[in-house]
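K.L.:
Okay, here's the structure, questions in a sec.
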Amino acid sequence: MSLLQISEPGQSLTKPPRRRAAGIDLGTTHSLVATVRAGQALALSDDDGNVLLPSVVRYRQAQPVLVGSAALDGQIEDPLNTLSSVKRFMGRGLSEVDRLAQQLPYQFVAEGDEMPRIHTVAGDISPVQASAEILRVLAERAGTALGGELDGVVITVPAYFDDAQRQATSDAAKIAGLQVLRLLSEPTAAAVAYGLDQGAAGVHVVYDLGGGTFDVSVLRFSKGVFEVLATAGNSALGGDDLDRAIAEWMLAEAGFADDIGHADIRRVLALARQAKESLSDEEETRVELVLTDGRVWSALLSRSQCQQLIRPLIEQTLAPCRLALQDAGVALSEISEVLMVGGSTRVPLVRELVGEFFSCQPHIDIDPDKVVALGAAIQADILIGNKPDSDMLLLDVIPLSLGLETMGGLMEKVIPKNTTIPVVRAQEFTTYKDGQTALSIHVLQGERELIADNRSLARFELRGIPPMVAGSARIRVSFQVDADGLLSVSAREETEGVESHIQIKPSYGLTDDEVESMLRDSLTYAREDIDQRRLRERQLEADQTLEALAAALMTDGQRLLDDDERQQLTQAADVLRQLRAGDDEAALQQAIENLERESATFAQRRMDDSIRRALAGHDVNDFLSNDNA
Ligand code: ADP
Ligand code: MG
């Protein structure tokens, strides 16, 4: 939902019939667009029949940008100017994404802790701009399919996206010239696609394993509202990691492990991915590796062999599932439905392990690549007013707090941010002067204490208050936000019953400066929330690092490390374990990095060792344990 703005009271808010609306899943690896036609949601394809648009944007000098598959080659030919995975940077400051940034080839440009830009031949590009390019292509696709420019879109975002990340997403839409009807959380969109909003109240789990990320969300549906109870995940685990595990196996099997170049690695990864994907349907597949220098290797890979390779990675998704349930305060037995989202949930072993974990049959009927976009399309169709008879879906939260000006120029929050809409909240105020007969009401939006720091939405007056001593009038001000994000504020003097009210509707016409400064401000304020979340993420990461190290020490510690080295590692692990118990996120991150640095040699030795052993014709399965390192 965008920021709110005044409309004249009485101005008609009804929408004309049949308008063009679409739902967009703006993904880390792939994006796509869907729309409702003849009552059916369907994903739209490009001229070549491809529904998925790779989320890759290539910038060129004095030439138009390339987006999607046209940009893919650029990842090899022109990595500095070919941006992928920009979703990870949306609404983030450099310090928040520093480590990720170091793993990428890009030249980041950042001032202070602002969202980093990426230096390209076409200038310094912000993640918001790159996302806008992707949105533009998808909107055009939808416009062509629907026969005209879109009237509005619903864009999905991860449930854990904070205000700044959501704002960055709607900024991208604005740059692409799109009217955002609503930002919808991805798990909620999946639940809508499955029609859970038409069903009974219950608690649902959405398991989303994509290309590079894993997210699990626990949703509660009741009284027409989805509420995200908890989210967890691993922002560095996805289908790409499965590809890597298979590629390592292939290289080891082929005996090419130690002397192949960058281009060949790409080739092997692509081959691994192909093999993985076909093993979702087939029991076995032939892999044929041809290196640039002409060396060739070929073998049969069976599904069960592949499962052995990827099982440890898939098992890693279960800890966050446990954590999310715990955070939500929900027992396994309370879960009604488990929905599978993301291309990687096509892997049969994923379905099996998730089913086992939740002791139920997860839903796989809707294409896991499309389900989020389809839900967004259904929602967009309703929000744009194409289904006037349908019950409005009531699915969102207020991104910024709404409140009133009180004495001393302070803002009193009436509805805190992140409250699920629709919502009605009332608060009582009183007069501050003897005999006061009118009260001026100033409606504000924002997170700051001082009214000057917040956004002014509307002012109106309540007149006809019976004259009384200061402080004895009782004036009830209620805020009502409906499912469309429309805010009505009314004030009523309780003894005489005089009333006044105003209606405010969403606006998309903010200037960039306004958006930017709201963004900065809410960021400052939201720091606490973000910090909390980051700490939790970091703790999870610490657990994973410690677990992996413990497993590696158990299997190879004696063999590959001398006493000093082992002691040093154990010490670094102890430091990390201690910090894990505290709440110093920065120190924790340092300790993780430190432990990773300390264990790099060990990891390298284990890798070399297993490759050597694989090459020497030893049991290749020994190699598998390396995936944990
Ligand atoms: P994201 O949400 O991160 O953009 P997607 O949901 O599009 O990602 O998932 C992409 C991942 O799904 C890739 O790793 C891809 O290999 C994997 N994938 C797609 N189809 C299959 C399949 N048939 N079997 C296994 N994995 C698949
Ligand atoms: Mg996705």
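K.L.:
On a C-alpha basis, how far is the centre of region 97-153 from the centre of region 177-211 in Å? Whole number, if you could?
P.N.:
Answer, in whole Å: 24.
K.L.:
Can you give the charge dipole size of region 18-104 about its Cα centre, rounded to the nearest 20 debye, using +1 on the beta carbon of Lys and Arg and -1 on the beta carbon of Asp and Glu?
P.N.:
Its charge dipole is roughly 520 debye.
K.L.:
Could you tell me which of the pairs 87/370; 87/413; 276/370; 387/413; 87/417 are separated by over 25 angstrom between their Cα atoms in the structure shown?
P.N.:
From 87/370; 87/413; 276/370; 387/413; 87/417, over 25 Å: 87/413; 387/413.
K.L.:
Right, next: Which far-off residues, 5 or more places away or on another chain, put their amide H under 5 Å from the one on residue 431, with H placed in the peptide plane?
P.N.:
Long-range HN contacts for residue 431: 471, 472, 473.
K.L.:
For a protection proxy built on the mean count of beta-carbon atoms within 10 angstrom, sort 342-353, 491-502 highest first, please.
P.N.:
Sorting 342-353, 491-502 by mean packing, highest first, produces 342-353, 491-502.
K.L.:
What does the charge dipole of region 335-374 about its Cα centre add up to, to the nearest 20 debye, if the Cβ of each Lys and Arg holds +1 and the Cβ of each Asp and Glu holds -1?
P.N.:
Magnitude of the dipole: close to 80 debye.
K.L.:
While we're here: Going by average Cβ density within 10 Å per residue, which order do the peptides 221-233, 554-566 take, highest to lowest?
P.N.:
221-233, 554-566
K.L.:
Can you tell me the convex hull volume per residue for region 44-118, based on C-alpha atoms, in Å³ to the nearest whole number?
P.N.:
Enclosed volume per residue, from the Cα hull, is 108 Å³.
K.L.:
How far, in nm, would the chain grow between residue 37 and residue 322 when pulled straight, counting 0.36 nm per residue and subtracting the alpha carbon separation?
P.N.:
98.7 nm
K.L.:
Find the Cα radius of gyration of region 185-271, compare it with 2.2 N^0.38 Å by division, and give the number to two decimals.
P.N.:
So the Cα radius of gyration is 1.62 times the expected 2.2 N^0.38 Å.
K.L.:
So what's the gap between the Cα centers of region 410-451 and region 300-357, to the nearest angstrom?
P.N.:
46 Å
K.L.:
Using the 2.2 N^0.38 Å rule of thumb for compact globular proteins, work out how region 421-498 stacks up: its C-alpha Rg over that value, please.
P.N.:
Compared with the compact-globule rule of thumb, region 421-498 sits at 1.19.
K.L.:
Separate question: At residue 298 and residue 149, where each label point lies 7 Å from the Cα along Cα→Cβ, what is the point-to-point distance in nanometres?
P.N.:
So the label points at residue 298 and residue 149 sit 5.5 nm apart.
K.L.:
Which of the aspartates and glutamates could be linked to residue 223 by a straight reach, that is with a Cα gap under 19 Å, when you skip same-chain ones fewer than 8 residues away?
P.N.:
197, 334, 337, 389, 391, 396, 482, 484
K.L.:
Applying 1/(1 + (r/R0)^6) with R0 = 25 Å to the Cβ-Cβ distance of residue 581 and residue 109, what FRET efficiency is obtained, to the nearest 0.05?
P.N.:
For R0 = 25 Å, the calculated efficiency reads 0.10.
K.L.:
Further question on the same structure: Straight-line reach only, C-alpha to C-alpha below 17 angstrom: list the aspartates and glutamates that residue 174 could link to, leaving out same-chain residues fewer than 8 apart.
P.N.:
25, 133, 140, 149, 151, 163, 512, 513, 514, 516
K.L.:
Further, regarding this structure: Given only helices, namely DSSP H runs of n ≥ 4 each adding -39500 (n - 2.57), what is the per-residue ellipticity at 222 nm of the chain, to the nearest 500 deg cm²/dmol?
P.N.:
Using -39500 (n - 2.57) per qualifying helix, the result is -12000 deg cm²/dmol.
K.L.:
Still on this model: In terms of modelled amide H atoms, which long-range or inter-chain residues lie less than 5 Å from the amide H of residue 338?
P.N.:
HN-HN under 5 Å from residue 338: 205, 363.
K.L.:
Taking +1 at the Cβ of each Lys and Arg and -1 at the Cβ of each Asp and Glu, which of 199, 363, 213 sits farthest along the dipole of the chain towards its positive end, judged by Cα position relative to the Cα centre?
P.N.:
199
K.L.:
With +1 on the Cβ of every Lys and Arg and -1 on the Cβ of every Asp and Glu, and nothing else charged, how large is the dipole of the chain about its Cα centre, in debye rounded to the nearest 20?
P.N.:
1440 debye
K.L.:
Would you mind computing, in nm to one decimal, how far apart the modelled labels at residue 568 and residue 278 are, each placed 7 Å from Cα along Cα→Cβ?
P.N.:
So the two model labels end up 4.6 nm from each other.
K.L.:
Just order 201-208, 289-296 by mean Cβ neighbour count inside 10 Å, highest at the front, would you?
P.N.:
201-208, 289-296
K.L.:
So for the chain, Kirkwood radius off the Cα pairs, Stokes-Einstein at 4 °C and 1.567 mPa s: how many µm² s⁻¹?
P.N.:
48 µm²/s
K.L.:
Using only C-alpha positions, report the orientation-averaged shadow area of the convex hull of region 249-346, nm², one decimal.
P.N.:
Dividing the Cα hull surface by four gives the mean projection, 8.2 nm².
All of the numbers you see were taken from the coordinates with simple rules; none came from a lab. Predicted model, so just to flag it, every value in this text is computed and none were measured. Reconstructed Cβ throughout: ideal geometry from the backbone, glycine too, with neighbour counts over all protein chains shown.
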